[in-house]
Amino acid sequence: MTSSTADLRFPIGKFADPEAITEGHVSAWLADLAALPDDLRRTVTSLSDAQLDTPYRPGGWTVRQVIHHLPDSHLNCLLRFRWALTEDRPVIKPYDEAAVAELPDYRSAPVGHSLDLLEALHTRWVDLVRSLSWEALQRTFVNPESGEDTLARTVGVYAWHGRHHLAHIEQLIERENWT
């Protein structure tokens, strides 16, 4: 993979685990999660259908697919949170994100539906996490593909995930001079 391809795939780099996750980290990550819906809406609201249907990189998803992916992925994460809070080390079910992104609604549905869903979802999710004790954020779930993870770390991973995909779209807009 060339350096420029790596930059297009990971415009903000890969998620970097802090040496030790603190309540300060979680607070900062929650601010990112809370800001994502408005930041995404502001970034894509003026794009045409042709622009929404442009891949953010060669071989990558279209902007429309990325927008639909975010609430789907984050909804799965909210459900993982709920399982981890009510079950002991639940094993979650991964899903094939690439296959889901090829479904007809990802290719043609208006992005406003997913932007609205992301806004409502993040409001509920951020409210839930803010209500949790530090001890509760240490609860875990098990992903058969990547292993056990705490809720605290997962907040960081998904804050990164949102910024990561927003950066895909922002880089495309900048490269194509759509501003």
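The values are calculated or read from the model by the stated rules, or taken from the named source; none is laboratory data. As the structure is a prediction and not an experimental result, all values here were calculated from the model. Note: ideal-geometry Cβ built from the backbone for every residue, glycine included; neighbour counts use all protein chains shown. What goes into the accessible areas is simple: the full protein's heavy atoms, side chains included, and nothing from ligands, DNA or RNA. Shrake-Rupley method; radii C 1.70, N 1.55, O 1.52, S 1.80 Å.
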Among all residue pairs at least 6 apart or on different chains, which show Cβ distances below 7 Å where the first residue, located in segment 28-46, is of a type in the set (D, E, K, R) and the second is open to solvent by less than 50 Å² (accessible area, probe 1.4 Å)? Asp32/Ala159; Asp32/Gly162; Asp39/Leu166; Arg41/Leu115
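Can you find, within segment 136-177, the residue that is nearest to the chain's Cα centre (by Cα) among those that are of a type in the set (Asp, Glu) and part of a helix (DSSP H, G or I)?
Only one residue fits best here, namely Glu170.
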Scan segment 16-60 residue by residue and report those that are open to solvent by 50 Å² or more (accessible area, probe 1.4 Å), part of a loop (DSSP other than H, G, I, E, B) and closer than 30 Å to Thr150 by Cα. Ala16, Asp17, Glu19, Ala20, Thr22
Report yes if some residue within segment 79-86 is aromatic (Phe, Trp, Tyr) and farther than 25 Å from Leu52 by Cβ; otherwise report no. yes
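For segment 124-155, give me the residue count where each residue is in contact (Cβ under 8 Å) with a residue 60 or more places away in the chain, open to solvent by 60 Å² or more (accessible area, probe 1.4 Å) and polar (S, T, N, Q).
The first filter runs over segment 124-155 and keeps only residues in contact (Cβ under 8 Å) with a residue 60 or more places away in the chain, leaving 125-126, 129-130, 134, 137, 141, 150-155.
Imposing the further condition that a residue be open to solvent by 60 Å² or more (accessible area, probe 1.4 Å) reduces the set to 130, 134, 153.
Now drop any that are not polar (S, T, N, Q), which leaves none.
Residues in segment 124-155 being in contact (Cβ under 8 Å) with a residue 60 or more places away in the chain, open to solvent by 60 Å² or more (accessible area, probe 1.4 Å) and polar (S, T, N, Q): 0 in total.
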Any idea which residue in segment 61-91 is most open to solvent (accessible area, probe 1.4 Å), counting only those that are basic (Lys, Arg) and over 19 Å from Pro11 (Cβ atoms)? Arg89
Lone unmet requirement of (1) closer than 19 Å to Pro55 by Cα; (2) surrounded by 13 or more Cβ atoms within 10 Å (Cβ to Cβ) for Gly112: (2)
At least 2 residues that are closer than 22 Å to Arg42 by Cβ and touching a His at 6+ places or on another chain (Cβ under 9 Å) in each: list the helices (runs of 4 or more DSSP H) lying fully within segment 64-135 that qualify. 111-131
